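Enquirer: Input: one structure, supplied below.
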Amino acid sequence: MKQYPQLILGLLCLVINAVAPFSADPRQVVVVTVETTTTTWTTTTLQVTALSPASSTTLAGSSPLVSETSSGNGDFEGTFLDLHNNERAEHGASNLTWSNTLAMIAQSWANNCTDTHSGGKFRLEGLPLGENIAAGTENYSIPDVMNDFIDGPSEKFNYNPLAPADSHWTQIVWKATSELGCGVATCLLFEPPFDGQEALFYVCEYFPPGNIEGKFDANVQP
């Protein structure tokens, strides 16, 4: 059958994402929840404990609508890292390293199957994360995701250093970012253009975050 991948790409400029209690990272994690009926914030500080990177972990109250796909294998990590670092090398940025903590956070958010950003749910050491998300039907692969992040509309070739704007690509090449972790889940997505189709929902988390207003000149080399 001829395939027509449909995708939605999301980005967050001044990202207020962050981190969940996963992997053997000793850093503290804060989970922030919003009680919308009272508009109050509740925070819980958690210590990151050992968890196999091959595990697929779901936060309380969240679950994939179809199935989960572990992000803890070398091919998954290596492909995302290589494609990120190849692009970064072309723009004067040092290599990212893989973070199991970020990967577990990304996986936990992917498992929610919302096709939206996490929007401030997690914080690591009081700091936010950068986040890129994408979704596509059928055989939507990591190279497809990265191609959309880099060469899609409003990405690399539309970047104007005289009037910098945030994008997936600017987060990828952001010089101050040093860690990456990604996850993916197979979901039933009901928002257009998916309309109830099964799709792959990818989430990548970045630390320290990019796309910070006033910092583009120092961090994005065209």
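Enquirer: Across the range 86-113, which residue is nearest to residue 179 (Cα to Cα) among those that are of a type in the set (S, T, N, Q) and surrounded by 17 or more Cβ atoms within 10 Å (Cβ to Cβ)? Break it down stepwise before answering.
Expert: Filtering the range 86-113 down to residues of a type in the set (S, T, N, Q) leaves 86, 94-95, 97, 99-101, 107-108, 111-112.
Add one more test, that the residue is surrounded by 17 or more Cβ atoms within 10 Å (Cβ to Cβ), and what stays is 99-101, 107-108, 111-112.
Values: 99: 6, 100: 10, 101: 10, 107: 15, 108: 17, 111: 21, 112: 23 Å.
Selected residue: 99.
Enquirer: Given the options 164, 153, name the one that is out of contact with any Pro (no Cβ under 8 Å at 6 or more places or on another chain) and either of a type in the set (Val, Ile, Thr) or within 18 Å of residue 92 (Cα to Cα) (or both).
Expert: Just one listed residue meets the conditions, 164.
Enquirer: While we're on this one: For the range 134-151, give me each residue that is crowded, with 19+ Cβ neighbours inside 10 Å and not in a helix (DSSP H, G or I).
Expert: The answer is 134, 135, 136, 140.
Enquirer: When only residues in the range 160-178 that are buried (at least 18 other Cβ atoms within 10 Å of the Cβ) and over 16 Å from residue 117 (Cα atoms) count, which is nearest to the chain's Cα centre (by Cα)?
Expert: Of everything passing the filter in the range 160-178, 172 is nearest to the chain's Cα centre (by Cα).
Enquirer: List every residue pair whose Cβ atoms sit under 6 Å apart, with the two residues 6 or more apart in sequence or on different chains, where the first one lies in the range 114-125 and is within 25 Å of residue 192 (Cα to Cα) and the second, anywhere, is buried (at least 19 other Cβ atoms within 10 Å of the Cβ) and not charged (D, E, K, R).
Expert: 115/135; 115/189; 115/201; 117/12; 118/17; 118/109
Enquirer: Checking residue 211 against (1) crowded, with 20+ Cβ neighbours inside 10 Å; (2) on the phi < 0 side of the Ramachandran plot, only one condition comes out false. Which one?
Expert: Among (1) crowded, with 20+ Cβ neighbours inside 10 Å; (2) on the phi < 0 side of the Ramachandran plot, the lone unmet condition for residue 211 is (2).
Enquirer: Can you tell me which residue is surrounded by the most Cβ atoms within 10 Å (Cβ to Cβ) among those in the range 114-133 that are in a loop (DSSP other than H, G, I, E, B) and at negative phi?
Expert: Taking the candidates together, the pick is 118.
Enquirer: Continuing with this model, one more query. Could you tell me which residue of the range 166-198 is farthest from residue 83 (Cα to Cα), considering only residues that are among the aliphatic types (A, V, I, L, M) and either at pLDDT 95 or above or assigned to a helix (DSSP H, G or I) (or both)? Can you show your working first?
Expert: Just the residues of the range 166-198 that are among the aliphatic types (A, V, I, L, M), to begin with: 172-173, 176, 180, 184-185, 188-189.
Checking which are either at pLDDT 95 or above or assigned to a helix (DSSP H, G or I) (or both) leaves us with 172-173, 176, 180, 184-185.
Numbers: 172: 10, 173: 11, 176: 18, 180: 12, 184: 16, 185: 20 Å.
The residue in question is 185.
Enquirer: Could you tell me which numbered condition residue 154 fails, if it satisfies all but one of (1) without any contact (Cβ under 8 Å) to a residue 60 or more places away in the chain; (2) out of contact with any strand residue (DSSP E or B) (no Cβ under 6 Å at 6 or more places or on another chain); (3) not in a loop (DSSP other than H, G, I, E, B)?
Expert: If we test residue 154 against (1) without any contact (Cβ under 8 Å) to a residue 60 or more places away in the chain; (2) out of contact with any strand residue (DSSP E or B) (no Cβ under 6 Å at 6 or more places or on another chain); (3) not in a loop (DSSP other than H, G, I, E, B), just (3) comes out false.
The values are calculated or read from the model by the stated rules, or taken from the named source; none is laboratory data. Predicted, not measured: the structure shown is a model, and the values here were computed from it. Reconstructed Cβ throughout: ideal geometry from the backbone, glycine too, with neighbour counts over all protein chains shown.
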